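Below is one structure, written out as structure tokens; comments come after it.
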Amino acid sequence: MSSKPHVALVAVGAFNPPTNAHLKIFELAKDHLHKLGSFSVLGGIISPVHDAYGKKDLAPAVHRLEMCQRSVSSSSWISVSDWEVTRPGWSRTRATLNSYESCLNSLLSSNEIPPMWASHIVCSTKEEEAEKLNVKLVCGADLLEYFAIPNLWLDEDIDHIAGHHEMVVISRAGYCPEKFIYDLDALTPNKNNVFLVNEWITNEISSTKIR
Amino acid sequence: MSSKLHVALVAVGTFNPPTNAHLRIFELAKDHLHKLGSFSVLGGIISPVHDAYGKKDLAPAVHRLEMCQRSVSSSSWISVSDWEVTRPGWSRTRTTLNFYESYLNSLLSSNEIPPMWASHIVGSAKEEEAEKLNVKLVCGADLLESFAIPNLWLDEDIDHIVGHHGMVVISRAGSCPEKFIYDSDALTQNKNNIFLVTEWITNEISSTKIRRALQRKESVKYLIQDSVIDYVNENRLYVVRSFRNGQSSSVPIIQLGISQSTSMDKI
């Protein structure tokens, strides 16, 4: 039985459309956690946001799901979850991360057939004889900046996401995520739970530019 | 018969390994020339340099050719030419561009079966009833800037490359290739033949960084083609550095190789 904490990486967002940059953040996060020596990343999940998010130019969920599926078809460890898009409405990130963590952990201790998006993670976990796993949020540094926008996030949600789940934040050279953490009271106490990864092979691919 | 100027885009370099950035410059160049309205890009050619170029860590040509082939397998218009690597020695860029242009033009007016790397271009040229085509060099701003390095290029070669062939230079947002052209008399004279394209969706993928990542066992997925990753792994390329003095990736590729001004042309 591996003594390393077992992790599933979850990325939330519009994925409108999914780009190579989205996929890279998973690779960077996994390499980083593995090099720390104390984690075993069992899988990654792309979790596209519900249509009710209401962002301008948002392609319908059915399209975004299919584009995400195609994006990960060559990946051995990342899957796409339709959980958010099939809720009655939009879900807070904290609620999303909580659901993935409890659903995955309950699958570990049952013989229930996992949904497609969970099957790689559940298999890997069983192979490594892991009894539980933790879901971490993987994201770009821009999400960290969203935390600072007044009234956009509940402080207790930020606290829970950073404190309980932990975050792997990918930023490009020139950004200063450390300052954001420093500026945000809700994040500073959790700074040891925010893993900062520098993307040296910078790219400025964004869904906006692709559209 | 189209009244547009028919063009083939040629990229030279080590392609050690070929990356998504190399492929992107073709796409950016083609889009740019087409949007100008007066060009018809018939095809693109990746022309890897001869092994004699002698750069450290240079994978043998047989591997670089295969990696390039895999990189363009999903492209409908870019091919890989083994011309340079099959010469007796290294070729000057001007000679290479000249060869492609004269050979392609001769194929247009003959029924000779074109070599694989030329078949798409010749096919398109015949469809468009093109009587002749012009070969343009497509490259990053680092190649343009290498023109300023003393003794690296023959002045007459620079004149011929920009004057006769023309260049499509891709640079990233924030850099200033216009100033570089302004600073040079030779380039200013031919500036209408240097097409500057800004890559707004900047990326800093370079072969040097890819080799570094591979040596450090870091993922390069989504930076180079999957099939190239497979090839690198199967053939254990780039796992060991052949030297450790940490040459900066900001040094232009050309500078580390043979000077273009030495007469090593054996053709």
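Every number here is computed from the coordinates shown, using simple stated rules; none is lab data. Since we're looking at a predicted model, the values are computed, not measured. We place every Cβ from the backbone using ideal geometry, glycine too, and count neighbours over all the protein chains shown.
When the convex hull of its Cα atoms is viewed from all sides, the stretch B:34-188 shows a mean projected area of 11.0 nm². Summarising the label geometry, the points placed 7 Å from Cα in the beta-carbon direction at B:Ser74 and B:Arg216 lie 2.6 nm from one another.
Do the alpha carbons of any pairs in A:Lys126/B:Lys221; A:Lys209/B:Lys179; A:Lys4/A:Lys191; A:Lys24/B:Lys132; B:Lys132/B:Lys221 sit beyond 32 Å of each other, and which pairs? Walk me through the numbers on the way to the answer.
Numbers: A:Lys126/B:Lys221 26 Å; A:Lys209/B:Lys179 27 Å; A:Lys4/A:Lys191 21 Å; A:Lys24/B:Lys132 43 Å; B:Lys132/B:Lys221 40 Å.
The answer is A:Lys24/B:Lys132; B:Lys132/B:Lys221.
Pairs of Cα atoms under 8 Å, at least six residues apart: use those to get the relative contact order of the stretch A:52-143, whole percent.
On the way: 49 pairs, mean separation 24.2, N = 92.
Relative contact order here is 26 percent.
Cα centroid separation, the stretch B:87-144 to the stretch A:169-211: 46 Å. At what distance in angstrom do the alpha carbon centres of the stretch A:82-128 and the stretch A:5-49 lie from each other? So the separation of the two Cα centres works out to 15 Å. Rg over Rh for the protein assembly as shown works out to 1.02, using Cα positions for both radii and the Kirkwood form for Rh.
If you take the alpha carbon atoms of chain A and fit the smallest convex hull around them, that volume is 126 Å³ per residue. For the residues of B:216-222, the average number of beta carbons from a partner chain within 10 Å of their own beta carbon is 6. The calculated FRET efficiency for the pair A:Asp155 and A:Asn20, based on their C-beta separation and a Förster distance of 30 Å, comes to about 0.35.
Give me the mean projected area, in nm² to one decimal, of the convex hull enclosing the Cα positions of the stretch B:196-240. Don't skip to the end; give the middle numbers.
Numbers: hull surface 15.4 nm².
So the Cα hull casts an average projection of 3.9 nm².
Taking every residue in A:25-35 and counting other chain Cβ atoms within 10 Å of its Cβ, the average works out to 2.
List residues of the stretch B:61-79, by number, whose backbone nitrogen lies under 13 Å from a label position 7 Å along Cα→C-beta of B:Arg236. Taking a point 7 Å out along Cα→Cβ of B:Arg236, no residue of the stretch B:61-79 has its backbone N under 13 Å. Dipole of chain B (Lys/Arg Cβ +1, Asp/Glu Cβ -1, origin at the Cα centre): which of B:Asn16, B:Leu152, B:Trp200 lies farthest to the positive side? About the Cα centre, the residue reaching furthest to the positive side is B:Asn16.
Considering the stretch B:66-136 at the alpha-carbon level, its Rg and Dmax are found to be 12.8, 36 Å. Taking other residues whose beta carbon is less than 15 angstrom from the beta carbon of A:Asp57, and scoring Lys, Arg as +1 and Asp, Glu as -1, yields +4. Placing one equal scatterer on every Cα of chain B and applying the Debye formula, the log10 ratio I(q)/I(0) at q = 0.08, 0.10, 0.15, 0.17 Å⁻¹ is -0.31, -0.49, -1.17, -1.52.
With only alpha-carbon pairs counted, each pair once and no self-pairs, how large is the Kirkwood hydrodynamic radius of the stretch B:1-94 in angstroms?
On the way: mean 1/r = 0.0707 Å⁻¹.
So the Kirkwood estimate lands at 14.1 Å.
Rounded to the nearest whole Hz, the Karplus-based 3J(HN,Hα) values (6.51 cos²θ - 1.76 cosθ + 1.60, θ = phi - 60°) of the stretch A:137-143 follow the sequence 7, 10, 6, x, 5, 5, 5, with x at glycine and proline. Here the extension length gained between B:Asp155 and B:Asn193 equals 12.0 nm, from 0.36 nm per residue of separation less the Cα-Cα distance.
Please give the FRET efficiency for B:Thr86 paired with B:Lys56, using the beta carbon to beta carbon distance and R0 = 30 Å, rounded to the nearest 0.05.
Details: r = 23 Å, r/R0 = 0.75.
The computed FRET efficiency comes out at 0.85.
In vacuum, with every alpha carbon of the stretch A:76-191 counted as one equal point scatterer, what does the Debye formula give for log10 I(q)/I(0) at q = 0.09, 0.10, 0.12, 0.18 Å⁻¹? Two decimals, please. Debye curve over Cα of the stretch A:76-191, log10 I(q)/I(0) at q = 0.09, 0.10, 0.12, 0.18 Å⁻¹: -0.30, -0.37, -0.52, -1.01.
Report the Stokes-Einstein translational diffusion coefficient (µm² s⁻¹, integer) for the stretch A:1-125, Rh taken as the Kirkwood radius over Cα pairs, at 25 °C with viscosity 0.890 mPa s. Intermediate values should be presented prior to the final figure.
Details: Rh = 15.1 Å.
Reported coefficient: 162 µm²/s.
Across all Cα atoms of the stretch A:1-69, the radius of gyration (one decimal) and Dmax (whole number) stand at 14.7, 48 Å.
Note the per residue figure in Å³ for the convex hull of the C-alpha positions in the stretch B:179-222.
On the way: hull volume 5.1 nm³, N = 44.
For the stretch B:179-222, the hull spanned by Cα atoms encloses 116 Å³ per residue.
For B:Lys126, a cut-off of 16 angstrom between C-alpha atoms picks up these lysines, skipping any fewer than 8 places away in its own chain: B:Lys4. Extension gain for A:Ala95-A:Asp185 works out to 30.3 nm (0.36 nm per residue, less the C-alpha to C-alpha distance).
Once R0 is set to 25 Å, what does the formula 1/(1 + (r/R0)^6) return for the Cβ-Cβ distance between B:Lys179 and A:Lys209, expressed as a FRET efficiency to the nearest 0.05? Intermediate values should be presented prior to the final figure.
On the way: r = 25 Å, r/R0 = 1.02.
Efficiency computed from Cβ-Cβ geometry: 0.45.
Modelled label positions at A:Cys176 and B:Ser106, each set 7 Å beyond Cα in the direction of Cβ, lie 6.2 nm from each other. You can think of it this way: the chain between A:Glu112 and A:Lys56 has 16.3 nm of extra reach, that is 0.36 nm per residue less the Cα-Cα gap.
Just the ratio, please: alpha-carbon radius of gyration of the stretch A:91-132 over 2.2 N^0.38 Å, N its number of residues.
Numbers: Rg = 10.6 Å, N = 42, 2.2 N^0.38 = 9.1 Å.
That works out to 1.16 for the stretch A:91-132.
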